[in-house]
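Data block below; observations after.
The values are calculated or read from the model by the stated rules, or taken from the named source; none is laboratory data. Predicted model only: the values in this text are computed from it and were never measured. Here the Cβ positions follow ideal geometry from the backbone for every residue, glycine too, while neighbour counts run over all protein chains shown.
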Amino acid sequence: MGKKIFEKIKIKKKFAEKKFAKNWKKNKIGKMSDFEFRRRHTASHILAAAVKMIFPEILRGAGPATDAGFFQDFDFVGVKISSDDFKKIEKKMRWIANKNFRVVQKFLNLRDAEKFFKNKKFKLEILHDLENSGEKKFSFFDFVDDSGKIFYRDLCAGPHLLSTGEVGVFKLMKISAAFFRGDETREILTRIFGVAFSEKKFLDEFLQNLEEAKKRDHRKLGRELDLFCFSEKVGPGLPLFSPRGTFILETLKKKVEKICRKFGFQKISTPHFAKIDLYKISGHAEKFSGELFKVDGHYKTKYCVKPVQCPHHTQIFASKMRSHKDLPIRYMESEKQYRDEKPGQIGGLGRVIAITVEDGHIFCTPEQIEIECKNLVKIIREFYDSLGMWGNHWVSLSTRDKKNFKKYIGKKSDWEKAEKFLEKICVDEKLDAKKMPGEAALYGPKIDFMFRDAIGNERQLATIQLDFATPQRFELEYIDKNGEKKIPVMIHRAILGSYERFLAILIEHFAGNFPLFLSPTQLAILPITKKHENFAQKILEKIQKSGGRAEIFSADETLGKRILNFQKQKIPLAAILGDAEISENFLSIRARGSKKMQKFSLEKLIEKLTKN
């Protein structure tokens with residue numbers, strides 16, 4: 001019976017996608033990629049309807065589609081619920097999908113909407129907020145059967161699929177607590193998460209990736225590989241890096257700096273806090289007021305722990321009058337920034353309080369924007385090429401939300417110029433950028449490089465941001481070729497973002513199997529017996545003097561056990577040393593993940609270890 005239902009849903013899904021494509025071409029109602037959003041959004045309503053069938057007294061909160069799937073928030077009014085209830089909820093969801101209810105939009109006036117939501121406090125609050133924002137008619141979506149009877153109704157702006165039968169396959173994934181509307185002072189609701197896909201094979205692939213993600217979890221591997229730790233005595237969101245973890249971070253810093261120096265960047269250093277006035281001028285004090293660590297000095301000066309570095313960099317530029325001949329000026333700094341993150345949002349290295357940001361700023365004339373941005377693309381390409389990650393990405397051209405310009409700083413005319421500049425860069429560099437309205441930075445549009453890791457997770461890493469506003473706010477000036485004072489343009493750039501988050505991404509992308517140049521230990525030296533340890537020690541010393549990184553695995557344990565340990569520690573290479581290697585003066589090298597042995601001279605091995 002279950003297979004028949006699935007086949008029916010599959011047929012309806014294919015028909016729906018064709019119909020949607022036809023409507024899209026005819027009416028231009030959206031982009032083809034919107035179909036997945038509609039699928040997830042409709043699935044969230046199917047979830048709400050199914051839960052209401054089982055628990056009629058529930059109070060519904062909100063339930064949007066997300067990049068990862070969908071969720072719905074509920075107040076179960078005293079009833080305890082857990083993941084054990086998922087099976088019966090999914091059964092009702094499948095029933096709703098198989099009924100193939102039409103999904104119909106309807107607009108109600110305030111009186112009728114209030115009547116429908118009588119005694120439903122969460123929905124009434126959302127409704128009245130819409131009223132206060134100027135809405136006169138309120139959008140609802142109904143599940144309607146063939147006779148025209150409404151099976152389910154909810155307040156929603158849409159968009160949705162044409163019918164519940166188009167939803168495909170779905171699965172409920174987890175349950176958690178969530179504050180109503182994300183406000184920590186409000187009621188705690190129960191949030192149920194789910195995923196939806198067009199076909200079962202995509203769900204199976206997703207579940208397989210989920211299992212792989214657990215194995216690759218940077219928190220698990222970071223502990224096993226001795227890269228970092230956390231301490232309750234230090235505090236949450238404040239990672240501590242071991243020598244091995246610190247080596248990786250320092251190697252990444254050196255690599256970024258080496259590439260950037262080829263394009264004229266100079267390293268600078270700024271303090272960890274400043275007067276709050278600095279961030280008031282930049283706009284960060286207002287924009288991120290809830291995330292700032294504010295400090296009152298003993299002598300009445302109000303300070304703020306550094307949340308960003310760009311305001312500091314403006315003051316180095318402003319320390320003396322600049323000529324057009326001095327420009328462009330390129331600064332880079334990898335230093336700590338601090339954000340007072342909510343406890344529930346802190347987790348692993350992905351979201352921390354102390355963030356080491358790889359940051360850089362260019363101060364230039366408008367005529368220099370194009371070449372500077374193109375050079376930044378070259379830097380980004382070279383860095384990610386070295387990690388084997390270039391090519392597995394897409395580019396976002398993140399522009400302003402024209403309907404809500406109040407959330408940005410600067411002049412509209414400057415924003416228009418900045419967006420045109422970046423559009424040209426994307427075309428000239430063949431970046432095939434996708435325009436993303438509303439995703440711009442506080443001060444200007446940006447080009448974001450979105451990388452996909454080994455298990456399909458999408459990560460925003462490198463960025464190029466064009467800023468006309470900040471130099472105006474700080475009254476930065478240079479003397480042009482005519483002897484007149486002009487305001488420079490500021491280009492913000494990050495090659496890898498924050499080192500903490502980037503390390504987490506690398507751990508999961510490589511599953512801890514770092515490239516040779518990034519591995520804290522490149523070579524495990526395995527003497528077969530105790531009598532071979534002197535030779536092993538001489539090999540170790542020569543490698544270390546040449547700048548390679550090796551470690552002797554003592555013959556106190558069996559060779560088999562040491563090989564297993566070398567594999568567990570994910571060391572790229574192992575050298576097995578016995579009588580033959582000593583007498584013939586060669587090394588038997590075994591690569592990570594391989595059982596094949598290769599002969600290397602010590603000189604050739606050292607060349608391989610120190611290549612990068």
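Values computed for the structure shown
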| item | result |
| --- | --- |
| Test: residue in region 472-484 that is at pLDDT below 95, in the same structural domain as Lys280 (by TED's automatic domain parsing), crowded, with 20+ Cβ neighbours inside 10 Å and part of a helix (DSSP H, G or I) | no |
| Test: residue in region 193-207 that is farther than 30 Å from Lys171 by Cα and either in the same structural domain as Ser498 (by TED's automatic domain parsing) or in contact with a strand residue (DSSP E or B) (Cβ under 7 Å, 6 or more places away or on another chain) (or both) | no |
| Breaking point among (1) without any contact (Cβ under 8 Å) to a residue 40 or more places away in the chain; (2) surrounded by 19 or more Cβ atoms within 10 Å (Cβ to Cβ), for Lys320 | (2) |
| Tally of residues being under 20 Å from Glu358 (Cβ atoms) and surrounded by fewer than 17 Cβ atoms within 10 Å (Cβ to Cβ) across region 275-290 | 1 |
| Tally of residues being aliphatic (A, V, I, L, M) and either over 18 Å from Ile563 (Cα atoms) or in contact with a Gly (Cβ under 9 Å, 6 or more places away or on another chain) (or both) across region 521-539 | 3 |
| Qualifying residues in region 325-340 (those that are surrounded by fewer than 17 Cβ atoms within 10 Å (Cβ to Cβ) and touching a residue at least 24 places away in the same chain (Cβ under 8 Å)) - the one farthest from Leu496 (Cα to Cα) | Asp326 |
| Strands (runs of 3 or more DSSP E) enclosed by region 535-602 - at least 3 residues per element that are surrounded by fewer than 16 Cβ atoms within 10 Å (Cβ to Cβ) | 597-600 |
| Close pairs from region 397-423: first over 22 Å from Phe474 (Cβ atoms), partner in a helix (DSSP H, G or I) and not hydrophobic (A, V, I, L, M, F, W, C), Cβ under 6 Å, at least 6 apart | Thr399/Glu419 |
| Qualifying residue in region 239-262 (condition: surrounded by 17 or more Cβ atoms within 10 Å (Cβ to Cβ) and more than 23 Å from Pro515 (Cβ to Cβ)) | no |
| Selection within region 103-141 - farther than 18 Å from Arg60 by Cα and polar (S, T, N, Q) | Gln105, Asn109, Asn132, Ser133 |
| Region 507-517, residues that are closer than 15 Å to Asp217 by Cβ, surrounded by 21 or more Cβ atoms within 10 Å (Cβ to Cβ) and either touching a strand residue (DSSP E or B) at 6+ places or on another chain (Cβ under 9 Å) or among the hydrophobic types (A, V, I, L, M, F, W, C) (or both) | Ile507, His509 |
| Hits in region 383-413 (condition: assigned to a helix (DSSP H, G or I) and within 23 Å of Phe288 (Cα to Cα)) | Phe405, Lys406, Lys407, Lys412 |
| Failed condition for Asn132, given (1) over 15 Å from Gln72 (Cα atoms); (2) touching a residue at least 24 places away in the same chain (Cβ under 8 Å) | (2) |
| Test: residue in region 147-160 that is more than 30 Å from Gln345 (Cα to Cα), assigned to a helix (DSSP H, G or I), of a type outside the set (Gly, Ala, Ser) and in the same structural domain as Asp73 (by TED's automatic domain parsing) | no |
| Top-ranked residue of region 401-416 - restricted to ones that are buried (at least 17 other Cβ atoms within 10 Å of the Cβ) and modelled with pLDDT of 90 or more, ranked as nearest to Pro471 (Cα to Cα) | Asp414 |
| Residue that is surrounded by the most Cβ atoms within 10 Å (Cβ to Cβ), among those in region 171-204 that are part of a helix (DSSP H, G or I) and at pLDDT 90 or above | Leu203 |
| Wholly within region 56-143, helices (runs of 4 or more DSSP H) carrying at least 1 residues that are more than 30 Å from Leu207 (Cβ to Cβ) and in the same structural domain as Leu162 (by TED's automatic domain parsing) | 110-116, 121-132 |
